[in-house]
Every structure is written in structure tokens, then in C-alpha cells.
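To start, the structure itself, in C-alpha cells.
Computed from the coordinates by the stated procedures, all read-outs in this text should not be read as laboratory data. Computed from a predicted model, the values in this text were never measured in an experiment. For neighbour counting, all protein chains shown are included, and Cβ atoms are generated from backbone atoms with ideal geometry for every residue, glycine included.
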Amino acid sequence: MTAVLTYCGHSNWINAIAWSPDGRHIASASCDKTVQVWEIGTRVSPHRAGIYDGHTRWVETVAWSPDGSTIASGGNDATVHVWNEATQDTIFVYRGHTFGVNSLTWSPDGARIASCSWDRVVRIWDVATGKTVLTYRGHSAYVNTIAWSPDGTCIASAGKDNTVKIWDASTGKTLLTYRGHAGLVYDVAWSPDGTRIASAGKDKTVQVWWAR
């Protein structure tokens, strides 16, 4: 098969992409320190809808708010930026991590953002105020990935300590630790009903297990 559309605009490699909730745009995060937003729609030729250049080092991760109006991006400058998709204006810059931000995720209600870092910490931020509301320190090595449960009550996080942690998004209490992988865990994903987790590791396996 051949690509339907090809978007070329970054000057360095691309680390992450995310579809907007309505499926009309894609955001791409790059080592050129920018996030670029591309209009999909029914266009035959590529169309760049905007460029966000608020980061000072390469951008590792990007995620749309549930309502599609706002984008959060995290980078190797140890910051999380929250910005308006339509205007590319910065709303907040969250500072608290001491190393690069690897992954971030919005809560289902759009009120909070969770971010993880090489500093071994997961932080939950209040979107309205930009303040840290919870700091999770359950991992013994850097945290590579996080995912919010569909009902918003729990977060799954995983990383270089070879574990997946399930913890309460309100209290930070660790509810479950999964040690089935033999190496770094690269990614985690909740099932739509929130009862299972799929995790992908450096050990070349995808593992599915009960999260409740």
C-alpha cells in the first residue's frame, strides 16, 4: 500500500504523533523543538495548520485535550507546555520535572494532565492552575510511559525498572505492581472497559493482564 498523504515540515526526526479527537488534525512532535499541526479533512495535498515553538529542546510527546481545543507537549527541556491549538498561544508551562518528559496523558474529563520523566517521577497537574496536585514516586528507574484509565480513577505507568504500576490517580497509592517483563517496558494501554492492561517491552513481548 502507498500513503494517502505525506506531511513534510519538520527539520529533524519526529518522536510522537497524535490525532485530534474529531479526526481532522494530527499533531507531530519533533527533535527540531517544534510541534506541528496538520489539517487532514478531505485535502488531497498536505496542509500545515500551525507550528508551536515554545520548547527549548526537542519535543518527546504530544497529546490533545478531550475536547480538542488544547494540546499538551512535553520535551527534553523538562517542561510540559499547554497551548491553544487554534492560535498556538501558550496557556501554561509546567515546571517540576528535573529531566526530560517522556510521555503525558490527559484525564478523561480534561481537568488534569499526568506526565512522566527520566527523573523517575510521575506528576499530575491541574490544567486550570498549572500546579502540581500529586507526585508519584513508585518507580525505581526512569518512567517511560503512562496511561489514564477510561474511568479516570487510576493511572498505569511503566519504565526501566521493568514493572508496570497501577495507582490511584487521586491519592498516589500503588494498587498493583506487575513484574512480568524481563526488560524495559516501552508502552502501556488500557482496555476500553478498564479491566485489563496491555504492555509492550524490550523483551519482545506484548503482555495482557488483569488490572483490577
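Net charge within 14 Å of TRP190 by Cβ-Cβ distance, Lys/Arg positive one each and Asp/Glu negative one each, not counting TRP190 itself? Working shown, then result.
Details: positive: LYS165, ARG196, ARG212; negative: ASP151, ASP187, ASP193.
Every neighbour counted, the sum reads 0.
In terms of the mean number of neighbouring beta-carbon atoms within 10 Å, the peptides 32-40, 13-21 order highest first as 32-40, 13-21. Highest mobility in the GNM of the chain, judged by mean-square fluctuation with C-alpha springs under 10 Å and restricted to ALA86, ALA141, ALA200, is found for ALA86.
With a cut-off of 14 Å between beta carbons, the residues surrounding ASP53 carry a summed charge of 0, where Lys and Arg count +1 and Asp and Glu -1. Counting every other Cβ atom within 10 Å of each residue's Cβ, TYR94, TYR186, TYR142 order from fewest to most as TYR186, TYR142, TYR94. Listed by chain and number, the lysines whose alpha-carbon sits under 18 Å from that of LYS160, ignoring those within fewer than 8 places in the same chain, are LYS202, LYS204.
What shape does the range 138-212 have by the C-alpha gyration tensor, where a ≥ b ≥ c are the square roots of the eigenvalues, rounded means a/c under 1.5, and otherwise prolate means a/b greater than b/c and oblate the rest? It is oblate, given that a/c is not under 1.5 and a/b is not larger than b/c. Among 66-73, 130-137, sorting by the average number of other beta carbon atoms lying within 10 angstrom of each residue, highest first, gives 66-73, 130-137.
Based on the alpha-carbon gyration tensor of the chain and its eigenvalue square roots a ≥ b ≥ c, which shape applies: rounded if a/c is under 1.5, prolate if not and a/b is larger than b/c, or oblate? The shape class here is prolate. Of the residues ALA63, ALA182, ALA29, the one that moves most in a GNM of the chain with alpha-carbon contacts below 10 Å is ALA182. Phi angles across the range 206-212 convert, under the Karplus curve 6.51 cos²θ - 1.76 cosθ + 1.60 with θ = phi - 60°, into 3J(HN,Hα) values of 10, 10, 10, 8, 6, 10, 10 Hz, Gly and Pro given as x.
When you count the other C-beta atoms within 10 angstrom of each residue and take the mean per peptide, 95-103, 49-57, 159-167 line up highest first as 159-167, 95-103, 49-57. Take the Cβ-Cβ distance between SER170 and ASN12 as r, set R0 to 45 Å, and report the resulting FRET efficiency rounded to the nearest 0.05. The calculated FRET efficiency here is 0.70.
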